[in-house]
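Trainee: Before anything else, here's the structure in question.
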Amino acid sequence: MSRKKMQKKSKNGLGWLLLGIMVVFIGLIFIPKNKTESISFPDLHGLSFSSDGTKLVAAVHDGLREYSDGKWTTPDGEKNDYMGYSPIKNGFYSSGHPGPTSSLKNPLGIVKSQDNGKTIDVVDLHGEVDFHSLTVGYETEDLYVYTPEPNSKMKEAGFYYSKDKAKSWNEMDLNGLTGNPRTIIAHPTQKGVVVIGTDKGLYLSNDYGESFQLLSDDIIASTGTISSQDELIVGQNTDEKKIIKIGLNNKEVMNVDLPKNIDGNIMYITNNYNNPDEIAIATDQINVYVSKNNGADWESIVNLGKGINQE
């Protein structure tokens, strides 16, 4: 090979090398350094922490989303529209509507999953009712529902409970309850203990809703949960937006700091059963925030329906 050809080949090689370095450099400049948006949320119908406390699970129009180690993923499983989503120790109960490829009837009635939605078991009232108001005891599996109209098991509209996993149902008498109900919250470990929030306050029952006593007429809760520490945690969206903790044993009331620049009304609250200091909330603007220290610090992990992955 002549010297001129060797020099030309060397220059060409050097040119390609420089071009490659420039491409890599430009790529590094435009790679996001902090947060990237990824998985979308068409809507939001519930929040929970996984049984081992390592994942935050969101129920949406087309199945579930999971947040773990700073990243959102879509787990395998049926893409059902879950309504009334309520976690239990080994899975969840829900109502709603079947996904496009599901063989389940519409509406779902009450269904249950023990493998994070990979498989769905029919519990009751399949093809009859879509329960938007459904709550289940995390360990007891006591079920409480509001049916907007009669069905084959419930003779009239109203609140009902089951203490045998939907084998039988009883209507609540609701003695002592006043106002229009806004939320219903089952106790995780104590059978028969349930809280209903109305536009007149918070009410506690120890007998499956047969009778209620007033907890507070100052707190108008839109959503809530009960922690493993016997603390009722509720969200309020009246004149002043608040997250409030109430000790069910000592009746002590404590305000939890909200996320800065919170956008929207609080729709869902969940508490990590394995770590009571960890709270997650969702708003009607499809924003999700999580705190690992009782609200002292919050992290935004969904913004306007877009999941935020941490670096």
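The values are calculated or read from the model by the stated rules, or taken from the named source; none is laboratory data. Nothing here was measured: the structure is a model prediction, and the numbers come from that model. Neighbour counts are summed over all protein chains in view; Cβ atoms, including those assigned to glycine, are modelled from backbone coordinates with ideal geometry. Only protein heavy atoms, including side chains, enter the accessible area calculation; ligands, DNA and RNA are left aside. Shrake-Rupley method; radii C 1.70, N 1.55, O 1.52, S 1.80 Å.
Trainee: Kindly provide the set of residues from segment 87-110 that are open to solvent by 10 Å² or more (accessible area, probe 1.4 Å) and either closer than 21 Å to THR223 by Cα or among the acidic types (Asp, Glu) (or both), ordered by number.
Mentor: Scanning segment 87-110 gives PRO87, LYS89, GLY91.
Trainee: Could you tell me which residue of segment 188-222 is farthest from THR140 (Cα to Cα), considering only residues that are assigned to a strand (DSSP E or B) and open to solvent by 10 Å² or more (accessible area, probe 1.4 Å)?
Mentor: Our first condition is that a residue be assigned to a strand (DSSP E or B); within segment 188-222, this holds for 194-198, 201-205, 211, 213-216, 221-222.
Now drop any that are not open to solvent by 10 Å² or more (accessible area, probe 1.4 Å), which leaves 203-204, 211, 213-216, 222.
Numbers: TYR203: 20, LEU204: 17, SER211: 20, GLN213: 22, LEU214: 24, LEU215: 23, SER216: 25, SER222: 24 Å.
Across segment 188-222, the extreme among qualifying residues is SER216.
Trainee: Look at segment 249-268 and say how many of its residues are over 13 Å from the mean Cα position of the chain (by Cα), crowded, with 17+ Cβ neighbours inside 10 Å and assigned to a strand (DSSP E or B).
Mentor: Applying the first criterion (over 13 Å from the mean Cα position of the chain (by Cα)) to segment 249-268 yields 249-265.
Still in the list and also crowded, with 17+ Cβ neighbours inside 10 Å: 256, 258-259, 262.
From what is left, the residues that are assigned to a strand (DSSP E or B) are 256.
Looking only at that region, the number is 1.
Trainee: Quick one: is GLN229 closer than 17 Å to VAL253 by Cα and either buried (at least 22 other Cβ atoms within 10 Å of the Cβ) or not aromatic (Phe, Trp, Tyr) (or both)? Step through it out loud before you land on a result.
Mentor: On the way: closer than 17 Å to VAL253 by Cα: yes; either buried (at least 22 other Cβ atoms within 10 Å of the Cβ) or not aromatic (Phe, Trp, Tyr) (or both): yes.
Yes; evaluated as a whole, the condition is true for this residue.
Trainee: Right, something else. For ILE120, state whether it is β-branched (Val, Ile, Thr), farther than 13 Å from GLU78 by Cβ and crowded, with 16+ Cβ neighbours inside 10 Å. Break it down stepwise before answering.
Mentor: On the way: β-branched (Val, Ile, Thr): yes; farther than 13 Å from GLU78 by Cβ: no; crowded, with 16+ Cβ neighbours inside 10 Å: yes.
Answer is no for this residue.
Trainee: Any residue at all in segment 149-168 that is touching an Asp or Glu at 6+ places or on another chain (Cβ under 8 Å) and within 26 Å of PHE41 (Cβ to Cβ)?
Mentor: No, segment 149-168 contains no residue that is touching an Asp or Glu at 6+ places or on another chain (Cβ under 8 Å) and within 26 Å of PHE41 (Cβ to Cβ).
Trainee: If we keep just the residues of segment 123-139 that are under 21 Å from the mean Cα position of the chain (by Cα) and open to solvent by 70 Å² or more (accessible area, probe 1.4 Å), which is farthest from ASN272 (Cα to Cα)?
Mentor: Among them, the one singled out is HIS132.
Trainee: Just checking, how many residues over segment 236-248 are part of a strand (DSSP E or B) and either open to solvent by 20 Å² or more (accessible area, probe 1.4 Å) or farther than 18 Å from ASN293 by Cβ (or both)? Step through it out loud before you land on a result.
Mentor: Our first condition is that a residue be part of a strand (DSSP E or B); within segment 236-248, this holds for 236-237, 241-247.
After this cut, where a residue has to be either open to solvent by 20 Å² or more (accessible area, probe 1.4 Å) or farther than 18 Å from ASN293 by Cβ (or both) as well, the list is 236-237, 241-242, 246-247.
Residues in segment 236-248 being part of a strand (DSSP E or B) and either open to solvent by 20 Å² or more (accessible area, probe 1.4 Å) or farther than 18 Å from ASN293 by Cβ (or both): 6 in total.
Trainee: For segment 269-311, please list each of the strands (runs of 3 or more DSSP E) lying entirely inside it that holds at least 2 residues being open to solvent by 20 Å² or more (accessible area, probe 1.4 Å), touching a Phe, Trp or Tyr at 6+ places or on another chain (Cβ under 9 Å) and free of Cβ contacts under 8 Å to residues at least 60 places away in the same chain. Talk me through it step by step, then tell me what you get.
Mentor: On the way: elements: 275-283, 288-291, 299-303, 306-310.
It comes to 299-303.
Trainee: Residue pairs, Cβ under 6 Å, 6 or more apart or interchain, first in segment 165-191 and under 12 Å from ASP207 (Cα atoms), second open to solvent by less than 90 Å² (accessible area, probe 1.4 Å) and among the basic types (Lys, Arg). List them.
Mentor: Once the first residue is under 12 Å from ASP207 (Cα atoms) and sits in segment 165-191, no partner that is open to solvent by less than 90 Å² (accessible area, probe 1.4 Å) and among the basic types (Lys, Arg) comes close enough.
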